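Okay, structure first, notes after.
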Amino acid sequence: MPPKFGTSGLRGLVTDLSDDLVHGYVRAFIAACPHGGAVHVGRDLRDSSPRIAATVIAAVRGAGLRAVDCGAVPTPALAMAAMARGHAAVMVTGSHIPADRNGLKFYLPSGEIAKPDETAILAARDAGGAPDAPQGAFERDEACAARYVARYAEAFGPRALAGLRIGVFEHSSVARDTLAEVIAALGGDVVRIARSDRFIPVDTEAVDPDMRAALAGWAAAHRLDAIVSTDGDADRPMVTDAHGAMIPGDLLGPLTARHLGARVVVTPVSSNTLVEAMEGFALRRTRIGSPFVIAGMEAALQEDARARVIGYEANGGFLLGFAAQGPEGKIAPLMTRDAVLPIVAPLAAARAKGVGLAELAARLPPRFTAADRLQGVASERSMALIDALRADPQARAAFFDTGSAETGIDETDGLRVSFADGAVVHLRPSGNAPECRLYTEADSAGRAQDLLARHLERLAARLSAA
C-alpha cells in the first residue's frame, strides 16, 4: 500500500519513499507550518535513514532555511533541541515497524503536529509546497544527545540509581548509547546486552514470547535489577523487573506521575484503569495517539497554567507538562513522547523505597493489561469488522468470549467492550501501520493474557476470512 500520512507522520515502504516524495512532504511542511527559520533533522539506525535524512536536509536548504543536522539521536532529544531554539524538526524514523519501512515525524517549534497541521500539510503538498530559494545555511549539532543526557543527570543526580545493576538491551535502538550514559550518570551499573548491526523492529506494546524468554534469561544470567530499552526511535520505553518480566507502559506512566508529584493525568482510553483507583490524580481520557494526549494536556493548562499535568500512553511514552522537581534539580517540560523519563523515574522511586520494580508495581491497584496486534491487515478491513460488531449486540456476543455478560461499550477509539467480571477487550485499527490492535484488561495477569490469546485467534479467523 502507498505511504500513509497523518499526525504520526509519513510511513511507508522504503522502496516507495522516493527522494521526490520525501522532498515534497518536507516542502509542504515548510509551507504550511511555522518553523522559526530552521529545521533540525535527526534519524534512527535503519539502513535507509541516512539517505532519507540527506534528502530532508537538501529540501530544507533548498527552501532557503537553515538545516541543523543532529545525526542519529532519540526523537525526544531532537524535539527538545529544536524546541529550545524555537525551530521546527523532522525525525527520519519508522519507529517500531519493520526495517523495510521508514518514515518522517514532523515537529513545530511548539512540539508535535496536530490534526489541523496535518490538513494544512496535505493542502500545501497539493499546491506544490514551499518554492525554491537561495540555499539555506547548514550546521551540525554534535551535542544534541549530550544535552538530553544532561537533562536527567542534572535532575536526578549521581546517586539516584546507585547500587542497581541495570541491563541495557541495545538491539538497534537509536538511544542505546544515550540510555547507557544516563544510567551511568545516575550511578547505575550498566550491563550492555545484544547490540545489533541490523535493524530490529521492537514494539514495546507487543513483545513476543521468544523475546520475553530472552529477557528473563538475561536477567538471571547477569543478576540484574532491571532491563531497560526503547523502540527504534526512543519515544517508547521497555522496562523489566529483576526477573525479566515486563512492566507495562501504563504502569510506568502512573509510577512516573506519582514520583514527579503530578496532579492531572491525561491518558488514552486504552490505558490500564488502575490509574482511576489511585488517589491524588484528576484523570482525563482521550483517543489513542500523542496528539490527543497533548490536546488534553493543553486544555488542562489553559484552565490552570500552573497545573502539574502529565500525559502517557499505553506504550509508555511519557509527556511532561510542568517543571517537575527531581532529587537534584528541575526537569523542564517536554510535551512530546519520551522514553527515558518513564525508565529513570520508576527505577529511582524503587531504589528510594528500598524495593525492586516488581514490588513497586505490585503496590498499584490490581488491574492487569495485555496487548498485541494482527499484522498485515488493512485499516479498512479492521474498521469494517469493528463497525459490524459495534452495530450488532448479537454479533458482539458471538465474537467476544469472556464467559461474562457485556456491561458497556466505549467508542472513543475503536471498540472497547466491558464485561460484568471486570474484563475489558478493545479493538482498534492502527493509525500508522496495516495492523489491527488488540488490548485486554482483567483482574489478573494470566486472565488478561488468556483473553488476549483467545481474541487474537478470533480476530485472525475473522479478518483472514474477510
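The values are calculated or read from the model by the stated rules, or taken from the named source; none is laboratory data. Source: prediction; values computed, not measured. Virtual Cβ from ideal backbone geometry, glycine too; neighbours counted across all protein chains shown.
Comparison of A145, A180, A185 shows that the only residue that is over 30 Å from R101 (Cβ atoms) and either of a type outside the set (D, E) or modelled with pLDDT of 95 or more (or both) is A185. Do we have T412 as farther than 17 Å from S271 by Cβ, of a type in the set (S, T, N, Q) and outside the structural domain of S290 (by TED's automatic domain parsing) here? No.
Can we say D231 is within 25 Å of G94 (Cα to Cα), in contact (Cβ under 8 Å) with a residue 60 or more places away in the chain and within 24 Å of the chain's Cα centre (by Cα)?
Details: within 25 Å of G94 (Cα to Cα): yes; in contact (Cβ under 8 Å) with a residue 60 or more places away in the chain: yes; within 24 Å of the chain's Cα centre (by Cα): yes.
It is true that D231 is within 25 Å of G94 (Cα to Cα), in contact (Cβ under 8 Å) with a residue 60 or more places away in the chain and within 24 Å of the chain's Cα centre (by Cα).
Filtering the range 64-89 to residues that are buried (at least 24 other Cβ atoms within 10 Å of the Cβ) and either in a loop (DSSP other than H, G, I, E, B) or without any contact (Cβ under 8 Å) to a residue 60 or more places away in the chain (or both) leaves V73, P74, A82, A88, A89. Just one of the listed residues (V174, V182) is in contact with a Phe, Trp or Tyr (Cβ under 6 Å, 6 or more places away or on another chain) and closer than 22 Å to A84 by Cβ, namely V182.
Of all the listed residues (G111, G24, G6), the sole one being surrounded by fewer than 20 Cβ atoms within 10 Å (Cβ to Cβ) and within 23 Å of F138 (Cα to Cα) is G24. For the range 139-157, the set of residues classified as surrounded by 13 or more Cβ atoms within 10 Å (Cβ to Cβ) and either over 24 Å from the mean Cα position of the chain (by Cα) or not small (G, A, S) (or both) consists of D141, C144, R147, Y148, V149, R151, Y152, E154, F156, G157, listed by residue number.
On the basis of being within 30 Å of L10 (Cβ to Cβ) and buried (at least 21 other Cβ atoms within 10 Å of the Cβ), does V377 make the cut?
Answer is yes for this residue.
Selection of first residues in the range 443-466 that are free of Cβ contacts under 8 Å to residues at least 60 places away in the same chain and buried (at least 17 other Cβ atoms within 10 Å of the Cβ) and of second residues that are assigned to a loop (DSSP other than H, G, I, E, B) and not hydroxyl-bearing (S, T, Y), restricted to Cβ pairs under 9 Å at least 6 apart or on distinct chains, gives the following pairs, ordered by first then second residue: H455/F400; H455/D401.
Screening R198 with (1) basic (K, R); (2) modelled with pLDDT under 95; (3) under 26 Å from I331 (Cβ atoms) gives one miss only, at (3).
For the range 274-292, a residue qualifies if it is part of a helix (DSSP H, G or I), within 19 Å of the chain's Cα centre (by Cα) and either at pLDDT 95 or above or surrounded by fewer than 19 Cβ atoms within 10 Å (Cβ to Cβ) (or both), and exactly one does: V275. Restricting the search to helices (runs of 4 or more DSSP H) fully inside the range 299-405 and requiring at least 3 residues that are within 20 Å of L255 (Cβ to Cβ) gives 341-353, 357-362. Pairing each residue of the range 6-30 that is within 20 Å of T75 (Cα to Cα) and touching a residue at least 40 places away in the same chain (Cβ under 8 Å) with any residue that is in a helix (DSSP H, G or I) and among the charged types (D, E, K, R), provided the two are 6+ apart or on different chains, yields C-beta distances under 7 Å for G6/E118; T7/K115; T7/E118; Y25/R125. Residue under question is V417, and the condition is that it be out of contact with any Ser or Thr (no Cβ under 6 Å at 6 or more places or on another chain), crowded, with 17+ Cβ neighbours inside 10 Å and at pLDDT 90 or above; does it hold? So V417 fits the description; yes.
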